[in-house]
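Report on the structure given below.
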């Protein structure tokens, strides 16, 4: 599904050039759950932006479903983001005075889908993300942090993207609630979805089945995670 070859990213400020990524390369197959882990300044966020078609590499190749994303123009990158990638962010980015169902259905409004179909798809996405129907008509600001992140996950799912790309999704949550959100990602992986998790925390990364470690702009380790062996039974 994903292949990056010798990805380099540089930022130029006047006469000074900073190389953030230094020839990174790897493959991610369809249905994998992969964590990209590294400390602040390692280049993992820059790599996330490239994988999410939010930015392009200075050099190298990024193939998504055999399409060379690294050569696409801005409007073509926007199409890739809409159709193939679902984003989950640390800060949720929900509309506080809109219902849970409306928050999730919003991307489908922009896609021109009729109300009945988009509400049906939003409800299914919420169920897939682990939030039952009793919460669907709550306002998003009436939910706990863990529930809000599940709504954000459902919104990422509603367009049925090929990839779920999660950037520090437990960063604003306490450890118990964070475990529940990570278990949601594990459930999505078990359903056959491709999940890429960006984190600086080894414990969070261990919830994936595979861990790519980035340090000083280079891929320094590619190893197995503990995957489905980390679980919790506490409800949120």
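All of the numbers you see were taken from the coordinates with simple rules; none came from a lab. Quick caveat, the model's predicted, so the values are computed rather than measured. Note that each Cβ is placed from the backbone with ideal geometry, even for glycine, and that neighbours are counted across all protein chains shown.
Of everything in the stretch 82-103 that is part of a strand (DSSP E or B) and in contact (Cβ under 8 Å) with a residue 60 or more places away in the chain, the residue that is nearest to residue 172 (Cα to Cα) is 88.
The rows are residues; the columns are (1) touching a helix residue (DSSP H, G or I) at 6+ places or on another chain (Cβ under 6 Å); (2) more than 26 Å from residue 191 (Cα to Cα); (3) buried (at least 18 other Cβ atoms within 10 Å of the Cβ).
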| site | (1), (2), (3) |
| --- | --- |
| 10 | no, yes, no |
| 47 | no, no, yes |
| 53 | yes, no, yes |
| 78 | no, yes, no |
| 88 | yes, no, yes |
| 92 | yes, no, yes |
| 100 | yes, no, yes |
| 107 | no, no, yes |
